[in-house]
Amino acid sequence: MKDLSLDGGRVSFTIELTTPACPVKEQMKEQARAAVLQVPGVTDVDITMTAQVRAAVAPDASKAPIRA
């Protein structure tokens, strides 16, 4: 979670996933909304879903592959 903002009873934040194709993206968003709405004083929740795909690590060219 990042970009947390509070404005009276309104809470907003961003959930950053590791892939934009997350199969449970909407379920995660709704569960987060339901959990935050349980906090006393919270009247509205605004959640932004983003994805930050991790870059693939290039193999180390100085190391030879293991041969069987």
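The values are calculated or read from the model by the stated rules, or taken from the named source; none is laboratory data. Everything numeric in this text was worked out from a predicted model, so none of it was measured. Positions of Cβ are generated from backbone atoms using ideal geometry, with glycine treated the same way; all protein chains shown enter the neighbour counts.
For the stretch 30-38, the count of residues that are on the phi < 0 side of the Ramachandran plot, in contact (Cβ under 8 Å) with a residue 12 or more places away in the chain, touching a Phe, Trp or Tyr at 6+ places or on another chain (Cβ under 7 Å) and not aromatic (Phe, Trp, Tyr) is zero.
Conditions (1) β-branched (Val, Ile, Thr); (2) exposed (fewer than 11 other Cβ atoms within 10 Å of the Cβ); (3) at pLDDT 95 or above; (4) touching a Ser or Thr at 6+ places or on another chain (Cβ under 8 Å), marked per residue:
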| residue | (1), (2), (3), (4) |
| --- | --- |
| Ser12 | no, no, yes, yes |
| Leu17 | no, no, no, yes |
| Pro23 | no, yes, no, no |
| Gln38 | no, yes, yes, no |
| Asp46 | no, no, yes, yes |
| Val53 | yes, yes, no, yes |
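Picking from residues in the stretch 1-20 that are small (Gly, Ala, Ser) and in contact (Cβ under 8 Å) with a residue 12 or more places away in the chain, the one that is farthest from Leu37 (Cα to Cα) is Gly8.
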